[in-house]
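Asks: Could you have a look at this structure, given as structure tokens, before my questions?
The values are calculated or read from the model by the stated rules, or taken from the named source; none is laboratory data. Just so we're clear, the structure is a prediction, and the values are computed from it rather than from any experiment. Cβ coordinates were reconstructed from backbone atoms using ideal geometry, including for glycine residues, and neighbour counts include every protein chain displayed. Areas reflect the complete protein model, heavy atoms only, side chains present, ligands, DNA and RNA absent. Shrake-Rupley method; radii C 1.70, N 1.55, O 1.52, S 1.80 Å.
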Amino acid sequence: MTDESSNQAALGSDVFVSYASADAAVAKSIVEILEQHGLRCWMAPRDVKPGTVYAEAIVRAINEAKALVLLLSANAMASTHVGREVERAASKRKQIVAFRVDATPLSEELEYFLSNSQWIDVPALGMTAALTKLKEAVGQGPANRAQQIPATKRTSGTKKGIAIAAAILVCVG
């Protein structure tokens, strides 16, 4: 873990990123984009300190986060861990933003937790527009408005991150 992610874990994060391990590459791209725009993200296993009980670290991170971004995919639908993370966030009344990357129907469990919110539909919008919408949704959420940290210097890495995320999405789809 880098010093930066260690500091983020200590301070609490703006965003907890929930994803199935099979979607790790897409999740990393999302985190990269959000962090380039000044949002602090927490994702496992990157931000789990060595020697920490994994489940406790996840629950603590959800408790401290202002929002949960759910990378919604067929893999997420099949993951019991993703379902638990979404349930914990919902029970804590966290903002939940679903970033849907495929057209897999919602599982009954996720349908229950996501039925009252609009998700970001990547296939309909395209990756670039979806990432912009995600950044705005998380950055302007009710819990985040006052505590968003300043945006870092934007570089060509943003375009590279979007290109990587788009390529991964094509492979996932």
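Asks: Considering only the range 55-71, I want to know if a residue exists there that is in contact with a Phe, Trp or Tyr (Cβ under 6 Å, 6 or more places away or on another chain), without any contact (Cβ under 8 Å) to a residue 40 or more places away in the chain and open to solvent by 30 Å² or more (accessible area, probe 1.4 Å).
Replies: No, there is no match, as no residue in the range 55-71 is in contact with a Phe, Trp or Tyr (Cβ under 6 Å, 6 or more places away or on another chain), without any contact (Cβ under 8 Å) to a residue 40 or more places away in the chain and open to solvent by 30 Å² or more (accessible area, probe 1.4 Å).
Asks: Quick test of your reading of the structure: Lys159 fulfils all but one of (1) surrounded by 17 or more Cβ atoms within 10 Å (Cβ to Cβ); (2) at pLDDT below 95. Name the failing condition by number.
Replies: (1)
Asks: For the range 72-94, which residues satisfy the criterion of being surrounded by fewer than 20 Cβ atoms within 10 Å (Cβ to Cβ) and either in a helix (DSSP H, G or I) or touching a Pro at 6+ places or on another chain (Cβ under 9 Å) (or both)?
Replies: Of everything in the range 72-94, those that are surrounded by fewer than 20 Cβ atoms within 10 Å (Cβ to Cβ) and either in a helix (DSSP H, G or I) or touching a Pro at 6+ places or on another chain (Cβ under 9 Å) (or both) turn out to be Ala74, Met77, Ala78, Thr80, His81, Gly83, Arg84, Glu87, Arg88, Ala90, Ser91.
Asks: Another question about this same structure. Taking Glu56 as the residue in question, decide whether it is under 14 Å from the mean Cα position of the chain (by Cα) and not in a strand (DSSP E or B). So that I can check it myself, show each step before the final result.
Replies: Numbers: under 14 Å from the mean Cα position of the chain (by Cα): no; not in a strand (DSSP E or B): yes.
Taking the combined requirement at face value, the residue does not satisfy it.
Asks: Further, regarding this structure: Anything in the range 108-137 that is farther than 12 Å from Ile33 by Cα, aliphatic (A, V, I, L, M) and assigned to a helix (DSSP H, G or I)? List them, or say none.
Replies: Scanning the range 108-137 gives Leu110, Leu114, Val122, Ala124, Leu125, Ala129, Ala137.
Asks: Taking the range 19-37 as the search range and keeping residues that are within 12 Å of Lys135 (Cβ to Cβ) and of a type in the set (Asp, Glu), which one is most open to solvent (accessible area, probe 1.4 Å)? Spell out how you get there, then give the answer.
Replies: Kept after step one, since they are within 12 Å of Lys135 (Cβ to Cβ), are these residues of the range 19-37: 30-37.
Keeping just the survivors that are of a type in the set (Asp, Glu) gives 32, 35.
On the way: Glu32: 72, Glu35: 40 Å².
Ranking the qualifying residues of the range 19-37, first place goes to Glu32.
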